1. Going by the structure shown, is Ile5 of a type in the set (A, V, I, L, M) and either buried (at least 16 other Cβ atoms within 10 Å of the Cβ) or modelled with pLDDT of 95 or more (or both)?
2. Looking only at segment 18-28, decide whether some residue is at pLDDT 95 or above, under 21 Å from Val132 (Cβ atoms) and surrounded by fewer than 18 Cβ atoms within 10 Å (Cβ to Cβ).
3. If you scan segment 134-156, which residues turn out to be open to solvent by less than 40 Å² (accessible area, probe 1.4 Å) and of a type outside the set (Phe, Trp, Tyr)?
4. With Ala83, Ala133 as the choices, which residue is of a type in the set (A, V, I, L, M, F, W, C), within 15 Å of the chain's Cα centre (by Cα) and modelled with pLDDT under 95?
5. Name the helices (runs of 4 or more DSSP H) wholly inside segment 41-115 in which the number of residues that are hydrophobic (A, V, I, L, M, F, W, C) and more than 18 Å from Arg167 (Cα to Cα) is 3 or more.
6. Check Leu32 against each of (1) touching a helix residue (DSSP H, G or I) at 6+ places or on another chain (Cβ under 9 Å); (2) among the hydrophobic types (A, V, I, L, M, F, W, C); (3) farther than 20 Å from Pro84 by Cα and name the one condition it does not meet.
7. So Leu125 passes all but one of these: (1) in contact (Cβ under 8 Å) with a residue 40 or more places away in the chain; (2) open to solvent by 20 Å² or more (accessible area, probe 1.4 Å); (3) under 22 Å from Ile92 (Cβ atoms); (4) outside any loop (DSSP other than H, G, I, E, B). Which condition number does it fail?
8. Residue by residue through segment 125-169, note down the ones that are touching a helix residue (DSSP H, G or I) at 6+ places or on another chain (Cβ under 8 Å), of a type in the set (Lys, Arg) and within 30 Å of Val17 (Cβ to Cβ).
Amino acid sequence: MGRAIDFRPSPFESGRVEASGRFIGGRIYWKLYYVENIFRVIINSVLSVQIGPDWWKLAVDSKIKGKAQRFKREYLIRPWHTAPGSHEIYYIHLSDLNEIMRANSHLFLPVIPEIDSWIAKIEQLRLPRNIVAHMNFPNKTDRQRISVFYEDSKILVANLPTSLSLRIP
């Protein structure tokens, strides 16, 4: 892949839009995909052990539950579209995942002793993630921030206790 180019500073040319999209998709988007989904798996795994299989009902704020229900309902009334997943955790955003971890941080501490640091890191990732998720072009610093967080997340997964069985929600 070539160097990073945001199509917007130049006169319109559809090829530049495509090149920007290919760059973001091939270099950045997949890392965010990994990060968000790995935190869904970690949250589900930890809370399933600490609370039980119905952890969503007991550990999630009513505003987040309401948001998930609204998004899920939108998909249910349009069954010809791909649904994000069967569990409510697939209908919420990174900021919501972070709030679930913050509100239940005492349950994550035995597994992730530096949970407060992770909550802070995820908050720092929120804006660069939104730039990409809303089809904009992140600057070099944000691209690096995403890459570092991706690498840190891989290290986190590798260092989780072997006693924690990762469970896909």
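The values are calculated or read from the model by the stated rules, or taken from the named source; none is laboratory data. Values in this document were obtained by computation on a predicted structure and should not be read as measured data. Ideal geometry is used to build each Cβ from the backbone, glycine not excepted, and the neighbour counts take in all protein chains shown. Surface areas here come from the heavy atoms of the whole protein model, side chains and all, with no ligands, DNA or RNA. Shrake-Rupley method; radii C 1.70, N 1.55, O 1.52, S 1.80 Å.
1. Taking the combined requirement at face value, the residue does not satisfy it.
2. no
3. Those that are open to solvent by less than 40 Å² (accessible area, probe 1.4 Å) and of a type outside the set (Phe, Trp, Tyr): Pro138, Asp142, Ile146, Ser147, Ser153, Leu156.
4. Selected residue: Ala133, the only one of Ala83, Ala133 that is of a type in the set (A, V, I, L, M, F, W, C), within 15 Å of the chain's Cα centre (by Cα) and modelled with pLDDT under 95.
5. 62-76
6. Only one criterion in (1) touching a helix residue (DSSP H, G or I) at 6+ places or on another chain (Cβ under 9 Å); (2) among the hydrophobic types (A, V, I, L, M, F, W, C); (3) farther than 20 Å from Pro84 by Cα is unmet by Leu32, namely (3).
7. With (1) in contact (Cβ under 8 Å) with a residue 40 or more places away in the chain; (2) open to solvent by 20 Å² or more (accessible area, probe 1.4 Å); (3) under 22 Å from Ile92 (Cβ atoms); (4) outside any loop (DSSP other than H, G, I, E, B) applied to Leu125, the lone miss is (2).
8. Residues satisfying the conditions are Arg126, Arg129, Arg143, Arg145.
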